[in-house]
Structure formats: C-alpha cells, structure tokens
C-alpha cells in the first residue's frame, strides 16, 4: 500500500499537481517517517509549498529542504527543480524562481556557491581605477614592431587546426572561437587547413587516427593546433586517444610543432589536474589556455611550455548606434558550467534592477546571428558579464572582449583572469555582489560621459591586443623562439 501511495505521490509531483503530491507525501510521512526521509519528502514538500504560494506569500515564505543526504534521489530532484527554475525565469516568475533557488542552495554546490560569501547582502568597496599595466604585457613582452617581424618570418607556415565544429550547419554563426582562430591565422599570413575533432559515429572512430595521420602527411603542417586534446571529442576516448597521441608524437619527431589548446582549462585543473601536462614533450610542445589563475601550476619547464592568451576575438562590425537602450543587459547561455547566472537572473529581477537577461539557447532551432549578437551588446547602455563557474573559479569569458570590441560598456563579476588582460576602471568596471550591482547600474546609466570613456578605452585596448596579431605573434614566439 505504501509503495502504491509513493508511486501516486511521485506521479502527482511529476505532473505538477502540487496539492495532491503534497497531501500524499504528508500522509505517508505521518505513518512511515523513515520512508519520507529516504524519499526526500521535506524537499518536495517545500517545493510544492513554493509552487502553491501566492506572490504575497512568497515574499515571506522560507521553507526548508531538510538536511542534505547526497542520495541519488536528492540529486535527481535538485536537477528537476533547477529545470523548473529556468522555466520560471523564462516566464518572468522571478520571485518564485528566487525562492526555489534559495531552497536548493544547501543541496546544490553550484547554486550554493553562487550565494556563498554574501551575494545578497555584502557591499564591497568600489575598486579604484587601476593605472598599472595588466600583467600579460610584461609576461609576454610583445612589442608592436615584433608583430610585423613575426608575420614576415612565419608567412605561409602551414597550420593544421583540429577543431570542434559546433555550428557548422548554421551560416549565421561563423565567429565562434575556432572560426576566429582560422580566420585570424589566415589574416596573419598562415596557410590553414581544418579537420573536425568531434567523435565520429561507429567504426569511423577507430579510423580517426589514420585519417589524422593521412591529413598530416598530405598537408605537411608546420604547426598542429589541437582543440581540447584528450578532453573532448574523439581524443577523449581511450583507444583513439592513444593512437592520436602516437600520430602527434611521430609528427613532432619530424619537426612539427604541436599545441594543445583549452578553452575551459578551469574544468581540467578541477577535475583532472594530472592531465594538464600529461605527455608534454612527447606528443605536444605547448599548452594554450586563457586562465591566468592557474599559471603557477606545474614545474618550471611545464610553466615555460604554457601560452596564456585569449582566443582571438573577431566579430562583425555592429550596424546600430551605441547605447540606444537605457538599461543594462546580459546576453548569454545558462548551461551547467555557468549555472550561477541563473541565480543572478532571478535575484537581480527580484531586486528590481534595470537589467535584462537575453538567454542564448544553443539548442534552439532558430539561432541568433553573430551580427544580431554584436548589435545587442552595442545596443544596451551597459552590458553585464557573470564569470563564476561551479568549481568556484571566476574566469575570463569571451564576452569580456566581445563587449568592448562591439563598442559597448562592460561591467563584470570581478575575477583575476580579466584583470590580467584588461584595466579595471578603464576598460571595464568590476563588481562582486548584488548590492554592488544595485549601486553601480543606476550610477553608470546616469553618467553618459563615463560610459563613453569606458567604451572608447575598452574598444581601443581590445582592438589592439586581442583581435589576432598579438595572439599569433606570442604563440609563434613560444613555438620558435
């Protein structure tokens, strides 16, 4: 009988019949407390209470989820509630979304981490204008004259780009990181050939290493730049990975330089730190990433074999005037790696901040074009960027360079990565908490001269250092001295 009641309660819960689910769960709990505890009914009861509450009741409602169990069922319920929160935000039901986020925060490290440290209450001291040159300038030591020298020295060198094709079938999206690598390499004077790094279907997986070997033999590259080598795609599968490593090692023995490139090295150092330099010197010469916070990892020779620089930023020129929408905007995706943005979405809206969230959905049938994206960044008087990852790292994201390049004004969740490359208070304005943002946004929206100065400085800085020439000069110097 209890098993039947549990099944009916779960059925009602999944059907979003919140009142029936709550009644059945409480009935089970009165006679079988241990069952209710094992099935996390405290969490689902609290969820139902939030769903059944009126907006006025939500303002004071603070149901508890019960102690964390770490059980599989608890994890599945938290995932269901996460999806419900995202749905509520999309529907504009921000108060309910905020209550649900606060409910699961003690059970969900990624959500709880976003609230950690006083997100809702703490006010930080406004950072002073940082006049000191960002550290990357000294670390790389690239002078303007050396760009022309590098271009002349390495002209027509052959680059084989082994890359992910995320939007190959979508003509309006041609400016992802790997697109920009290929485009700026050609502009720098390199000859480029590309090969897909995604895992093929079926038997083709086993033949991938042979295909890569044949491509290298045919193209005879001077450089192989392998995107997410051993982390994603076919190279992350054990058997092909070993064969691919052998192919690359054989290429290196013939004088080919090989670069292992990471877009999300924060994930690597959190979940597989031993893999960061694995096989360095055998099948690759250099690790490329854009996460300065981990530059102290490894031995001295390993640290010397790192090129830390953002992927080249190359986007269509905007076709709209700047700052025509007198609000702040965030344009971006809400995926597991950036789930903290969901917290900012609900809490900023609950607090009434003049901030719009325009969600990018990479799985949608109709995709926003690159030009539409750039125009959105330019249209808003201020663009906001959120940088926290589930590991607790705050990182440089593409938006930190895309906003200034579009002629927009960037304010960003403070992090050491962006400060390594950009000047705080000159190219962008950092913040840490919701009270910071609540004070900063109205002040900036009311200060047109400051916005113009930030946009001008940021655009000039990013255009100079992060549109390709410095990237290729630095990478080639690392590879060839």
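Since every read-out is calculated from the coordinates, none of them should be taken as a lab result. Note that the coordinates shown come from a computational prediction; the quantities given were computed from them, not determined experimentally. Here the Cβ positions follow ideal geometry from the backbone for every residue, glycine too, while neighbour counts run over all protein chains shown.
Evaluate the distance, in nm, between pseudo-label points positioned 7 Å from the Cα of residue 79 and of residue 158 along their respective Cα→Cβ axes.
Simple spin-label model gives 4.5 nm for this pair.
Calculate the spin-label point distance for residue 218 paired with residue 363, positioning each point 7 Å from the Cα along the beta-carbon direction, and give it in nanometres.
3.5 nm
Specify whether the C-alpha gyration tensor of the stretch 2-113 places it in the rounded, prolate or oblate class, a ≥ b ≥ c being the square roots of the eigenvalues: rounded for a/c under 1.5, otherwise prolate if a/b is larger than b/c and oblate if not.
Numbers: a/c = 1.78, a/b = 1.39, b/c = 1.28.
Verdict is prolate for the stretch 2-113.
Which percent, nearest 5, of DSSP beta bridges in the stretch 302-394 are antiparallel?
On the way: 1 of 9 bridges.
Antiparallel bridges make up about 10 percent of those DSSP assigns within the stretch 302-394.
Specify the angular offset, from 0 to 90 degrees and rounded to the nearest 10, of the alpha carbon long axis of helix 18-31 from the longest principal axis of the alpha carbons in the chain.
70 degrees
Taking every DSSP beta bridge with both residues inside the stretch 325-465, roughly what % is antiparallel (nearest 5)? Could you put the intermediate results ahead of the total?
Working: 1 of 16 bridges.
Taking every DSSP beta bridge within the stretch 325-465, about 5 percent pair in antiparallel fashion.
With a Förster radius of 45 Å, plug the Cβ-Cβ distance of residue 295 and residue 5 into 1/(1 + (r/R0)^6) and report the FRET value to the nearest 0.05.
Numbers: r = 57 Å, r/R0 = 1.27.
With R0 = 45 Å, the Cβ-Cβ based efficiency is 0.20.
For the stretch 354-395, list residues with backbone N below 13 Å from a point placed 7 Å from the Cα of residue 447 toward its Cβ?
Answer for this model: none.
Could you compute the FRET efficiency for residue 456 and residue 19, with r as their C-beta to C-beta distance and R0 at 45 Å, rounded to 0.05? Provide the component values of the computation, followed by the final result.
Details: r = 57 Å, r/R0 = 1.27.
The computed FRET efficiency comes out at 0.20.
Quote the FRET efficiency, to the nearest 0.05, computed for residue 239 versus residue 148 with a Förster distance R0 of 35 Å and r equal to the Cβ-Cβ distance. Before the final figure, lay out each step's value.
Numbers: r = 45 Å, r/R0 = 1.30.
For residue 239 and residue 148, the calculated efficiency is 0.15.
If you project the alpha carbons of the stretch 325-465 onto their three principal axes, what span does each projection cover, largest first, in Å?
The principal-axis extents, from largest down, are 36, 33, 30 Å.
Tilt of helix 2-14 relative to the longest C-alpha principal axis of the chain, in degrees (0 to 90, nearest 10)?
Tilt of helix 2-14: around 60 degrees.
Please express the shape of the stretch 174-301 as an equivalent ellipsoid: the semi-axes are the square roots of 5 times the eigenvalues of the C-alpha gyration tensor, given largest first in whole angstrom.
Numbers: eigenvalues 95, 70, 50 Å².
Here the semi-axes work out to 22, 19, 16 Å.
Mean residue ellipticity at 222 nm from the helices of the chain, using -39,500 (n - 2.57) per DSSP H segment of n ≥ 4 over the full residue count, to the nearest 500 deg cm²/dmol? Walk me through the numbers on the way to the answer.
Numbers: 22 runs with 231 residues, N = 481.
Mean residue ellipticity at 222 nm (helix-derived): -14500 deg cm²/dmol.
Stretched out fully, how many nm does the piece from residue 282 to residue 372 gain, at 0.36 nm a residue minus the Cα gap? The partial results should precede the final answer.
Details: separation 90, 0.36 × 90 = 32.40 nm, distance 4.37 nm.
Fully extending the segment from residue 282 to residue 372 adds 28.0 nm.
Going highest first, how would you order 179-190, 294-305 by mean Cβ packing within 10 Å? Each step should come with its number before you reach the end.
Working: 179-190: 19.4, 294-305: 13.3.
So the order, starting with the most tightly packed, is 179-190, 294-305.
Using only Cα atoms and rounding to the nearest 10 degrees, what angle (0 to 90) does helix 238-253 make with the longest principal axis of the chain?
Its long axis makes an angle of about 20 degrees.
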